[in-house]
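Enquirer: Pasting a structure below so you can have a look.
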Amino acid sequence: MSNLWFLYLFFAALLVFIGLYCLLTMRNLIKLFIAVEVISKGVSLAIVATGAVKNNILLAQSLAITYVVVEVALVATALALIINIYKKNKSLDVRLLSKLKG
Amino acid sequence: MAIQIILLCGLVIFSALAILLKDLIKAALSLAVASLLLGIIFFRLAAPYAAVFEISVVAGLITVLFILTIALTKKGDEVTEARLVKLAFPVFLILFLVIDGLVMKSLLQKIPALPAGPEAGTFGEVLWKQRTFDLVAQVGVILAGVLAVLALFRKKEEDKDE
């Protein structure tokens, strides 16, 4: 069972790494939110896999569902924000937002 | 076990494609396929409710939101990424794979896990009785999201006068 847990958490960490790499290096705002989505996939995989391995799958499922709801609200708000930024700057380049620096 | 490994590899490959593909529509579709694979993994872990939410909400709704945003921001593809990003990705990935393989096993033994016995009851009982406060918080989060979107798309006073 420990091997199975190791396998799932290994891949979950990999997903988090891929998302973090994109967040740190890319410039397109939509790509950055795709990266946030990839990270959240890694986290939900870790939650459900740990629940399955530790015989707590019902609790893990309810946590995963709560996480999905939070994720949807986050994405809806973030994408609305991206559309507004695009209307103002006519670009999705994150470097243009450095104008906001005080 | 072999099927699980294939599904997990597919999940990682499509997630990486979602990040590396230049065409944003293709990237969003890769993300949807990754969500679908994650949903199948959840089904195989005996978590059908989480799987249904993952497939219907994340693979369905969020992909539609992404594609809608990409359509509304037509020049989004024109953002130039640094060349080194895609070239350096495999190097960093292999480096992380090695570190992950070496560290994760010892890390798992050190994580103090709560003693867990077999669960009693049904999913509904756990969700409604044990996690009631989560449900209240979910309603709050959804309301906050709706209000935020409404505020962001609010028309200016001048627009109304016209």
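The values are calculated or read from the model by the stated rules, or taken from the named source; none is laboratory data. Computed from a predicted structure; not experimentally measured. Positions of Cβ are generated from backbone atoms using ideal geometry, with glycine treated the same way; all protein chains shown enter the neighbour counts.
Enquirer: Going by the structure shown, is A:Leu58 part of a helix (DSSP H, G or I) and over 16 Å from B:Leu152 (Cβ atoms)?
Expert: yes
Enquirer: Now, a different point. Which of (1) at the interface with chain B (Cβ under 7 Å from one of its Cβ atoms); (2) under 11 Å from the mean Cα position of the chain (by Cα) does A:Gly42 not meet, given it meets every other one?
Expert: The one condition A:Gly42 does not meet is (1).
Enquirer: Given the criteria without any contact (Cβ under 8 Å) to a residue 24 or more places away in the chain, more than 7 Å from chain B (Cβ to nearest Cβ), β-branched (Val, Ile, Thr) and within 30 Å of B:Ile94 (Cα to Cα), does A:Ile47 qualify?
Expert: yes
Enquirer: Which of the residues spanning the range A:15-27 are surrounded by fewer than 24 Cβ atoms within 10 Å (Cβ to Cβ) and either in contact (Cβ under 8 Å) with a residue 40 or more places away in the chain or within 7 Å of another protein chain (Cβ to nearest Cβ) (or both)?
Expert: Within the range A:15-27, A:Phe17, A:Tyr21, A:Thr25, A:Met26, A:Arg27 meet the criteria.
Enquirer: A follow-up question, please. Out of (1) within 29 Å of B:Lys155 (Cα to Cα); (2) touching a residue at least 12 places away in the same chain (Cβ under 8 Å), what's the single condition that is false for A:Ala64?
Expert: Result: A:Ala64 fails condition (1) only.
Enquirer: So, one more: I need the helices (runs of 4 or more DSSP H) fully contained in the range B:1-113, keeping only those with at least 2 residues that are closer than 15 Å to A:Ser44 by Cβ and within 7 Å of chain A (Cβ to nearest Cβ).
Expert: Output list reads B:2-20, B:24-44, B:48-53.
Enquirer: Whether any residue in the range A:61-84 is more than 7 Å from chain B (Cβ to nearest Cβ), closer than 19 Å to B:Ile67 by Cα and small (Gly, Ala, Ser) is what I want to check.
Expert: yes
Enquirer: Restricting attention to the range B:85-102, does a residue exist that is more than 30 Å from A:Lys54 (Cα to Cα), surrounded by fewer than 18 Cβ atoms within 10 Å (Cβ to Cβ), of a type outside the set (A, V, I, L, M, F, W, C) and not assigned by TED's automatic domain parsing to the domain that holds B:Met1?
Expert: Yes, the range B:85-102 contains a residue that is more than 30 Å from A:Lys54 (Cα to Cα), surrounded by fewer than 18 Cβ atoms within 10 Å (Cβ to Cβ), of a type outside the set (A, V, I, L, M, F, W, C) and not assigned by TED's automatic domain parsing to the domain that holds B:Met1.
Enquirer: State whether the residues of the range A:78-86 include one that is of a type in the set (Ser, Thr, Tyr) and surrounded by 18 or more Cβ atoms within 10 Å (Cβ to Cβ).
Expert: yes
Enquirer: Also, I was wondering about something else. Just to be sure I understand, how many residues within the range B:127-149 are facing chain A (nearest Cβ under 7 Å), of a type in the set (D, E, K, R) and part of a helix (DSSP H, G or I)?
Expert: 1
Enquirer: The conditions are (1) facing chain B (nearest Cβ under 7 Å); (2) crowded, with 20+ Cβ neighbours inside 10 Å, and A:Phe6 fails exactly one of them. Which is it?
Expert: Of the numbered conditions (1) facing chain B (nearest Cβ under 7 Å); (2) crowded, with 20+ Cβ neighbours inside 10 Å, the odd one out for A:Phe6 is (2).
Enquirer: Go through B:Leu45, B:Leu65, B:Leu24, B:Leu31 for me and flag whichever is in contact with a Leu (Cβ under 6 Å, 6 or more places away or on another chain), surrounded by 18 or more Cβ atoms within 10 Å (Cβ to Cβ) and not assigned by TED's automatic domain parsing to the domain that holds B:Val126.
Expert: It is B:Leu65.
Enquirer: State yes or no: is A:Ser62 out of contact with any strand residue (DSSP E or B) (no Cβ under 8 Å at 6 or more places or on another chain) and within 21 Å of B:Thr73 (Cα to Cα)?
Expert: no
Enquirer: Moving on to the next point. Residues being part of a helix (DSSP H, G or I) and either of a type in the set (Phe, Trp, Tyr) or touching a strand residue (DSSP E or B) at 6+ places or on another chain (Cβ under 8 Å) (or both): count how many of those fall in the range A:76-99.
Expert: 2
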